[in-house]
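Visitor: Starting off with a structure, shown below.
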Amino acid sequence: MASDIADGMAARGLDVTLFATGNSQSRAHVSSVVPVGLNEDPGLDGDVYGALHTAALFERAAEFDLIHNNFDWKPLTYALATQAPPMLTTIHGFSRPPILAAYYAAAKRSFYCSISDSDRDPGLGYVATTYNGVDPAAFTFSATPGDYLVFLGRFHEEKGAHLAIEIAKRAGVRLKMAAIHQDMDYFRSRIAPHIDGDRVQFLGAVGRAARDELLRGALALVHMTTRPERFGLVLVEAMACGTPVVASAASCLPEIGGGAPVYADPRDAGAWAQALRSVVEDGELRARMRQAGLGRASRFDWDSSAERHVAVFRDAAAAAR
């Protein structure tokens, strides 16, 4: 998301510096303290390089008119301790309740954006909702249903990867999982024992082109979050391919997906079975999903996202004067 925003700003003539990994490709200037992503090199310590990453930005803070923080709560503590320019923090969800203390304390130093209307803390003031953006042209429609289910996201209990496995096994359908590791204990205990390379396949992380191929070839995307979803970008991506979505109706998912996904209670195995039957039996579903997906994607496309961010940046800079 940070990369897409930086590209959108640079395309509109803003002088943008993106603090990211050294191998990042961007239309903005890239500044880095680490050559590759932490997922790509297990020897890198996330706590150490996360702190150095943030420190590198604040060391150069005087060069900028505005800092856009997509890096959770820790940069807020730097903003409290330094004479930094105005900061806009996009909140991609609260990982745990105690970190709210940092957001409350830094409210005098940062403006806040939510990524959906439903993912807001009542104790914070927000300047806007800035939906994440996708490129509709990057996702290809397929009218022919595939023969596998797909899970796309990260391995954490709240994302429901274990439920995707259970659904696939109950349905007797293969499952392809493309995800990054976030909680290794969860992965080792609840995911890895089921991976056999056939009925349950683990593909690792996938790039944009591979994601398009994976999604358009799927019978359905299974998105059984156990915790309220903040945005659910993968829903929009799947719908843009015409791929049906079976999801838990948690938090912002109806806001993002509308009535297009098939919603099922993750605690109700019978509901899962019925949801999958409806996906298989409805021959027109993929065409309707594509139509709905393009409608949603036009609301969440890159250009719309960039324009929203430009407006919010201007408002924040003006309010800080």
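Visitor: To the nearest 10 square angstrom, what accessible area does TRP272 show with a 1.4 Å probe?
Guide: Spelled out: TRP272, probe radius 1.4 Å, area about 10 Å².
Visitor: Right, another one. Treating the angle as unsigned and between 0 and 90°, give the value, to the nearest 10°, between the Cα long axis of helix 46-59 and the longest Cα principal axis of the chain.
Guide: The answer is roughly 40 degrees.
Visitor: Accessible area per residue for the chain in Å², computed with a 1.4 Å probe and the full protein assembly in place, what is it?
Guide: Per-residue accessible area for the chain comes out at 46 Å².
Visitor: Also, quick follow-up: Any idea what the relative contact order of the chain is, in percent, if you count C-alpha pairs under 8 Å spaced at least 6 apart?
Guide: Details: 580 pairs, mean separation 52.4, N = 321.
About 16 percent, as a whole number.
Visitor: If I fit a long axis through the Cα atoms of helix 285-299 and take the longest principal axis of the Cα atoms of the chain, what angle between them do I get, 0 to 90°, rounded to 10?
Guide: The answer is roughly 10 degrees.
Visitor: Give me the net charge of ALA2's neighbourhood, meaning all other residues with Cβ under 14 Å from the Cβ of ALA2; Lys, Arg count +1, Asp, Glu -1.
Guide: Combined, the nearby Lys, Arg, Asp and Glu give -2.
Visitor: Helix 269-281 against the longest principal axis of the chain: what's the angle in degrees, Cα atoms only, rounded to the nearest 10?
Guide: For helix 269-281, the angle is close to 80 degrees.
Visitor: Using modelled amide H (1.01 Å from N, peptide plane; none on Pro or chain starts), what sits under 5 Å from the amide H of VAL200, excluding residues fewer than 5 places away?
Guide: LEU175
Visitor: Enumerate the lysines that LYS159 could reach by cross-link, defined here as Cα to Cα under 24 Å, with residues fewer than 8 away along the same chain left out.
Guide: Within reach: LYS74, LYS169, LYS176.
Visitor: Rounded to the nearest 0.05, what FRET efficiency do LEU203 and LYS108 give with R0 = 45 Å and r taken as the Cβ-Cβ distance? Could you check?
Guide: Between LEU203 and LYS108 the formula returns 0.50.
Visitor: For the chain, what size does the Cα cloud have along each of its three principal axes, sorted from largest down, in whole Å?
Guide: Principal extents (largest minus smallest coordinate, Cα): 59, 40, 37 Å.
Visitor: To continue, here is another question. Share of the chain's accessible area from carbon and sulfur, percent, 1.4 Å?
Guide: Roughly 52 percent, rounded to a whole number.
The values are calculated or read from the model by the stated rules, or taken from the named source; none is laboratory data. The shown structure was predicted, so the numbers you read here are calculated from the model rather than taken from an experiment. Counting neighbours? That spans all protein chains shown, and the Cβs are built from the backbone with ideal geometry, glycine included. Side chains are part of the model used for accessible areas, which takes the heavy atoms of the whole protein and leaves out ligands, DNA and RNA. Shrake-Rupley method; radii C 1.70, N 1.55, O 1.52, S 1.80 Å.
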